[in-house]
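**Student:** Questions regarding the structure given below will be posed in turn.
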Amino acid sequence: MDAANGTIQFQNVTYRQSNRDLISRLNVMVQPGETLVLLGRSGCGKTTTLKLANGSLLPTQGTVKIADRSTTQWNLIQLRRQIGYAIQEVGLFPHFTVAKNVGVVPSLLNWPPGQVQARVYELLEKVGLAPSQFAHRYPHQLSGGQKQRVGVARALAADPPILLMDEPFGALDPITRLELQQEFLQLQQQLRKTIVFVTHDVQEALLLATRIGFIEAGRLIGLSSPQAFLNSPAPEAQDFLQGFKMAADLQTSLQQQENQSD
């Protein structure tokens, strides 16, 4: 079995834990090659949705399908090796070099060593890390932005049709974060992966998404283009947008005060 067609489908999916629905009656199809951004407050169910997509969690009700096959019918180890996963904490193996970190999944899939090295070097170039400088470094020798680049390269290493990304740039400073967002857009234009990207940052969602799925308290409130989301009639979405605007305005004001005091 393989996930080559890159579709993800949630059919009336509910996930319940401790008598509480973390996800409730979720229905959405993620099309091949699109970037679906799941947007919402912390704790709303975004990460739970990603875990349902790769079989780390199984639905209490409903069906999650990868390439038209329910996650309950997949060999989950095989499934996860076909889905790239990039997270905020990165999770690099500290005693592995950058090259060995990136090449973990291809090696598990028994690619020939020469093919693994070629793929690792190709991806390090794509994410802006010259192999001659970075392949033999260890994670503790990297900056935060460099670690995130390695994390993205590792997620892409086995050329998976599907990529799940959970706040991958959330811990970075604003300038590095914007740089990685721009690099991500360029990569997606080249590779056309099926991507589900989790964030609570409206600007990031508007920049990266083909469609935005807004989640509130485990429910999908709306699914729309970025422009349509800005004009969403849903009161939950408007409250979220207003709160984000107030936070952005406050941040701008504080930055201006800091600049004046310098």
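**Student:** Can you tell me how many residues within region 72-90 are among the β-branched types (Val, Ile, Thr) and over 19 Å from the mean Cα position of the chain (by Cα)? It would help to see each step written out before you state the result.
**Tutor:** Residues of region 72-90 among the β-branched types (Val, Ile, Thr): 72, 77, 83, 87, 90.
When the remaining residues are screened for being over 19 Å from the mean Cα position of the chain (by Cα), the result is 72, 77.
So the count comes out to 2.
**Student:** Name the one entry in THR199, THR210, THR194, THR176 that is over 21 Å from THR49 (Cα atoms) and of a type in the set (Ser, Thr, Tyr).
**Tutor:** Working: THR199 fails: over 21 Å from THR49 (Cα atoms); THR210 fails: over 21 Å from THR49 (Cα atoms); THR194 fails: over 21 Å from THR49 (Cα atoms).
Matching residue, one of THR199, THR210, THR194, THR176: THR176.
**Student:** Test of understanding: among VAL120, VAL127, which residue is among the β-branched types (Val, Ile, Thr), closer than 22 Å to GLU167 by Cβ and under 21 Å from the mean Cα position of the chain (by Cα)? Steps first, answer last, please.
**Tutor:** Details: VAL120 fails: closer than 22 Å to GLU167 by Cβ.
Answer to the selection: VAL127.
**Student:** Would you call VAL152 crowded, with 18+ Cβ neighbours inside 10 Å, in contact with a Ser or Thr (Cβ under 8 Å, 6 or more places away or on another chain) and of a type in the set (A, V, I, L, M, F, W, C)? Break it down into steps so the answer makes sense when it comes.
**Tutor:** On the way: crowded, with 18+ Cβ neighbours inside 10 Å: yes; in contact with a Ser or Thr (Cβ under 8 Å, 6 or more places away or on another chain): no; of a type in the set (A, V, I, L, M, F, W, C): yes.
Criteria not met by VAL152.
**Student:** State whether one or more residues within region 183-195 are buried (at least 18 other Cβ atoms within 10 Å of the Cβ), within 11 Å of the chain's Cα centre (by Cα) and at pLDDT 90 or above.
**Tutor:** Yes, that holds for at least one residue.
**Student:** Cβ-Cβ below 8 Å, separation at least six or inter-chain, first residue in region 192-215 and touching a residue at least 12 places away in the same chain (Cβ under 8 Å) and within 10 Å of LYS46 (Cα to Cα), second acidic (Asp, Glu) and outside any helix (DSSP H, G or I): which pairs?
**Tutor:** Partner pairs satisfying both residue conditions: VAL198/ASP166; VAL198/GLU167; THR199/GLU167; HIS200/GLU167.
**Student:** Filtering region 22-53 down to residues that are of a type in the set (Gly, Ala, Ser) and closer than 20 Å to GLN203 by Cβ, which residue is surrounded by the most Cβ atoms within 10 Å (Cβ to Cβ)? Please lay out each step first, then the result.
**Tutor:** To start, the set of residues in region 22-53 that are of a type in the set (Gly, Ala, Ser) comprises 24, 33, 40, 42-43, 45, 53.
Next, only the ones that are closer than 20 Å to GLN203 by Cβ stay: 40, 42.
Values: GLY40: 26, SER42: 8.
Selected residue: GLY40.
**Student:** Determine which single condition LEU180 fails, assuming it passes every other condition in (1) over 30 Å from ASP21 (Cα atoms); (2) in contact (Cβ under 8 Å) with a residue 12 or more places away in the chain; (3) more than 13 Å from the chain's Cα centre (by Cα).
**Tutor:** In the conditions (1) over 30 Å from ASP21 (Cα atoms); (2) in contact (Cβ under 8 Å) with a residue 12 or more places away in the chain; (3) more than 13 Å from the chain's Cα centre (by Cα), LEU180 misses (3) alone.
**Student:** Output the residue which, of all residues in region 1-21 that are more than 17 Å from ARG219 (Cα to Cα) and in contact (Cβ under 8 Å) with a residue 12 or more places away in the chain, is surrounded by the most Cβ atoms within 10 Å (Cβ to Cβ).
**Tutor:** As a first pass, look at region 1-21 and keep what is more than 17 Å from ARG219 (Cα to Cα): 1-8, 18.
Within this subset, residues satisfying the condition of being in contact (Cβ under 8 Å) with a residue 12 or more places away in the chain are 1-8.
On the way: MET1: 12, ASP2: 13, ALA3: 21, ALA4: 12, ASN5: 12, GLY6: 22, THR7: 19, ILE8: 28.
Here the residue is ILE8.
**Student:** Counting only residues that are in contact with a strand residue (DSSP E or B) (Cβ under 7 Å, 6 or more places away or on another chain), give me the helices (runs of 4 or more DSSP H) lying completely in region 53-170 with at least 3 of them. Before the answer, list the steps.
**Tutor:** Working: elements: 76-80, 98-102, 104-108, 113-126, 131-134, 144-156.
Answer list for region 53-170: 144-156.
**Student:** Another question, if that's okay. Based on what the data block shows, is ALA86 under 30 Å from ARG219 (Cα atoms), of a type in the set (A, V, I, L, M) and in contact with a Pro (Cβ under 7 Å, 6 or more places away or on another chain)?
**Tutor:** yes
The values are calculated or read from the model by the stated rules, or taken from the named source; none is laboratory data. All values reported here derive from a predicted model rather than from experimental measurement. Every residue, glycine among them, receives a Cβ derived from its backbone with ideal geometry; neighbour counts consider all protein chains shown.
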